[in-house]
Every structure is written in C-alpha cells, then in structure tokens.
Amino acid sequence: MKKLISILTCAVFLCCTLIPAVFAAATARETGLRFNSDGRFKIVQFSDIQDGTYLRAATKSFLKKTVESEKPDLVVLTGDNIAGYWAKSPAKSTHAIKQFMNIFESLGVPVAIVFGNHDDQDSGFSKEEQMEVYNSFSVSVSLDEGDALSGCGTYNVPILSSDGSKVAFNVWMFDSGTYDEGDGYDYGYDHVHADQVEWYKNKSDELKEANGGEPVYSIAFQHIIVGEIWDALKEVGEGTEGAVEHDGKYYVLPDDAQGVLHETPCPGGRNDGQFASFLEQGDVLATVSGHDHVNTFVIPYRGVDIINTPTCGFRSYGEVETRGARVFVIDEADTSVYETYLVSADEVLGGSADTAVLYKLQLFFKRVSDFFKDLRNRIEAFFGA
C-alpha cells in the first residue's frame, strides 16, 4: 500500500511539474500575443548579437537589463544572432544560441527571430537546424515554414486586440538570405525573393479580408536592408562631410530623417519587388533591418519608414556608443502610427567600467591581430619575391 501511495505521489508531482511547461509553450506559440489591457504593445529589437560561443559579459548584461527595464511584449532578433564562422560546429552554435535564449526564457518574454548572413556561415549547422534550437524554448514564436518558401524563417506574428476578438496588428518576419551567387554571377548580399514577396501579398490579403477589407497595419523585420535605401538617401557632392560612397555617388541622410549614417548601407544585389509590394498593399508602416552595425536611422520614404538598428553585441565592430537596441510602441487606439526610440547600450550599462574595459580589450586584440596579419603578409611577400 505504501509503495502504491509513493507511486501515485510521484505521478502527481510529475504532472504538476510538466503542466506549467506545457502551458508556457502554449502561451507563446498557440495562445498568441495581444495588446495589453492599457491598449499598448511594445517590441524590443536586438540585432547582430554576433558574439562567439560564449556571450561577452557586456552583451549579456545589456540584453538582460534592456528587457527588464523596457518590459517588452515581444523581442525580435534580426539576424546574425550568432557568428557561424566563430562557432564552427553544431554543438558550439547550439551553445551560442542558448546563451541569449536562456535570458529571454528566464524573463518569460516571447521571441521571434530571423536569420542573417552569418548565422550559418562555416558552422556546419543549417538555419533549419538552428530554428529547431530556438523552438525548443517555450518563449519562441518563430516558425520554419519548410520548403514552401526560399530560405528559412519567413512568417508573420499576428497581434490580437486586447479583448482577443481580432488581429489588430501584425509583425512580418522575412529571411533576407545570406549571399547571392546565381546565374553565374556574384551579386553580393542576398535579398527577399519573389516567392516570399508573393507569400506576403497573399497573407496580407487574407488579413485584410478578415479585417473587413481594411489593411492590418504592420512592421516588417529582416536582416539585410531593402535596396530602396539608395533612393531614400540624399545624394550630395564628393567631399560632403559625413557622406558615404556607393557606385561613385555620395549620400547622406535626408533632411527629414532621424539618426546617423556611419557606414555605407549593404542591401542585396538584386531586387524582387519587396518594397514595391509594401507600397501596393498599404499595410507596412516600417521595414526594419540590422546588418550595418553602426548605422542608426529612421528615414520616411513614400509612406514607409526605412529603419536601421545597430549591433547590440560587444564582439563585432563599432564604438561603444553606437551599440543599442530599438523599441517600438504601438497603441491599439490608432495602429496606423507607432513610436520608436533607441536604447543605448552605454546608457543601459551606465557607462560602466565593464563596458569601457571590454571595448578597450576588444580594440587591443584587434590591433594585435592586425599586427600579426600584416607581419605574415610581409614575410610571405619577402619570401615570395
């Protein structure tokens, strides 16, 4: 009898342990996201974490403190979440992903991800395999759409109204690819392909039909910036202070833009009409990217804002003050507009010694690395001659 009671007790305990986990998974993936009772929904975007197998202390602290202070309803990771060329193996790539996903899991914030051009680079670990790791966390709302579309991770995240009666807002997630070598040419960085654009238009129409014929306003996230950035920027003369060069022409931010342009944007080499489809459908308020680590701007262009968010990681290039995250706030009372602002890593970390020391160490090791590369090249050139 005692043995039977012991078995039953263990069974009850096991059920009590498993049930919360099941409900946690259902909360993120199945129950769906919705506006809060105050009618607001907040998104925090982190881009280009791109640390090694182990998160650097400053990166980890910034991710955690930003989520704790901003209290977002959704975290969006816009690619180069890991650096495959540093991870170099499935095991290390998995560990790298878990380093930051464990933070979000512990804080109970839903997470949607897209991939960049470095996530699976030289790692031997495909995007599809990485997506399985993300989706092993109960907070993940990400989706691998299978062979239906180019790439991996093109999907949407509907945001329900506060009463749960309808889809009140929408988040588009696009896989903008890695590198584009097709038709015998090297086009450089990749882009959102025609089949993904067609999928977007069909899904957009579905949402519109379910919304009584009115567009469901949305924000689109991806890693690589849209090609229309060159039309949105202001062309200036050579020698203009702060201008970046592209194909022999020089550009600065237009007068109505906010932010800074520190490096030449790097869109894909081809364009399958993604931005044009946004204009046609009339539901996308902003297209948001990372990729260009030290660019931070919002450019109004033909009714759709083109936004770049800087890196939040402390291993990749860029000054301390350029690192950060972007926040979006949407009000259910008027979803045709949104508020956005940048959260500076330097401010969140309080200009701490951590941040400064880590950055100085980073510069030191880069200089040492550059010195030995230069020395090697000189030796090879000497003996080669």
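Laboratory data are not the source of any read-out in this text; all were calculated from the coordinates shown. Since the model is a prediction, treat every value here as computed from it, not as a measurement. Note that each Cβ is placed from the backbone with ideal geometry, even for glycine, and that neighbours are counted across all protein chains shown.
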- So how do Ile97, Ile330 line up by other beta-carbon neighbours within 10 Å, fewest first? Ile97, Ile330
- Query: What is the fewest-to-most order of Asp205, Asp346 by other Cβ atoms lying within 10 Å of their Cβ?
  - Reply: Asp205, Asp346
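Run the numbers on region 179-311 and let me know its relative contact order in percent, using alpha-carbon pairs under 8 Å that are six or more apart. Walk me through the intermediate numbers first.
Values: 259 pairs, mean separation 38.3, N = 133.
Once normalised by length, the contact order is 29 percent.
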- Query: Ranked highest first by average number of other Cβ atoms within 10 Å, how do 208-216, 151-159 line up?
  - Reply: 151-159, 208-216
- Item | Antiparallel DSSP beta bridges within the chain, as percent of all bridges there, nearest 5 | 60 percent
- Message: Given axes a ≥ b ≥ c from the Cα gyration tensor, I'd like to know whether region 39-351 is rounded (a/c under 1.5), prolate (a/b larger than b/c) or oblate.
- Response: rounded
- Query: Can you give the calculated 222 nm mean residue ellipticity of the chain, where each DSSP H run of n ≥ 4 adds -39,500 (n - 2.57) and the sum is split over every residue, rounded to the nearest 500 deg cm²/dmol?
  - Reply: -11000 deg cm²/dmol
- Taking the simple approach of a point 7 Å from Cα along Cα-to-Cβ for both Glu347 and Ala381, what is their distance in nm? 4.5 nm
- Item | Listed peptides 300-306, 227-233 by packing density, highest first (mean Cβ within 10 Å) | 227-233, 300-306
- Task: Scan the chain and note any complete DSSP helix (H) whose C-alpha atoms cover at least 27 Å along its axis and whose Kyte-Doolittle average is 1.6 or more.
- Result: 2-26
- Item | Cβ-based exposure ranking for Phe115, Phe382, Phe137, in which fewest neighbours within 10 Å come first | Phe382, Phe137, Phe115
- Task: Calculate the length of the line joining the C-alpha centroid of region 303-334 to that of region 162-180, in whole Å.
- Result: 17 Å
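Of the peptides 263-273, 51-61, how do they stack up when ordered by the mean number of other Cβ atoms within 10 Å, highest first?
The most tightly packed comes first, giving 51-61, 263-273.
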